[in-house]
1. Among (1) open to solvent by 50 Å² or more (accessible area, probe 1.4 Å); (2) at pLDDT below 75, which single condition is D41 missing?
2. Which pairs do you get when a residue that is more than 16 Å from E89 (Cβ to Cβ), found in segment 1-26, comes within reach of a residue that is open to solvent by 50 Å² or more (accessible area, probe 1.4 Å), reach meaning Cβ atoms under 7 angstrom, with the pair 6+ apart or on two chains?
3. Restricting attention to segment 44-54, which residues are assigned to a helix (DSSP H, G or I), open to solvent by 60 Å² or more (accessible area, probe 1.4 Å) and either hydroxyl-bearing (S, T, Y) or at pLDDT 90 or above (or both)?
4. Of the conditions (1) part of a helix (DSSP H, G or I); (2) modelled with pLDDT of 70 or more, P79 clears all except one; give me its number.
5. Residues being outside any helix (DSSP H, G or I) and surrounded by 13 or more Cβ atoms within 10 Å (Cβ to Cβ): count how many of those fall in segment 10-38.
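The values are calculated or read from the model by the stated rules, or taken from the named source; none is laboratory data. Since the structure is predicted, the reported quantities are computational estimates derived from the model, not experimental observations. As a convention, Cβ positions derive from the backbone with ideal geometry for all residues, glycine included, and neighbour counts pool all protein chains shown. The accessibility values were calculated without ligands, DNA or RNA, using every heavy atom of the protein model including side chains. Shrake-Rupley method; radii C 1.70, N 1.55, O 1.52, S 1.80 Å.
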Amino acid sequence: AARLLQFSLSRRREYMADAGAIEMTRYPPGLIRALKQLEDDKSVVHSGARSTSHLWIESPVPRNSGRTAGLNRLFDTHPPLEERIAVLERL
């Protein structure tokens, strides 16, 4: 339970960091464009691991699809880029 709480707080910090960047730069379209470029980048990461995923801008570990996708999202350290972009667009 403590580990799940830690991952949840890590995802929340990502949203807060995005909001802080908007507050500091006062230019939301710039951050949104940067996140969209990261989302469109299809480079393969060969060294991604859960143990170092908190150091990345986005999760280097591939997201699973299928029956266990929802359960696996509980262990993500980063929210999906599409969710971060949607939150920023609502600001």
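1. The failed condition is (2).
2. Listed by first residue and then by second, the contacts come to L4/L74; F7/L74; F7/F75; S10/H54.
3. Scanning segment 44-54 gives no hits.
4. (1)
5. Of the residues in that region, 0 qualify.
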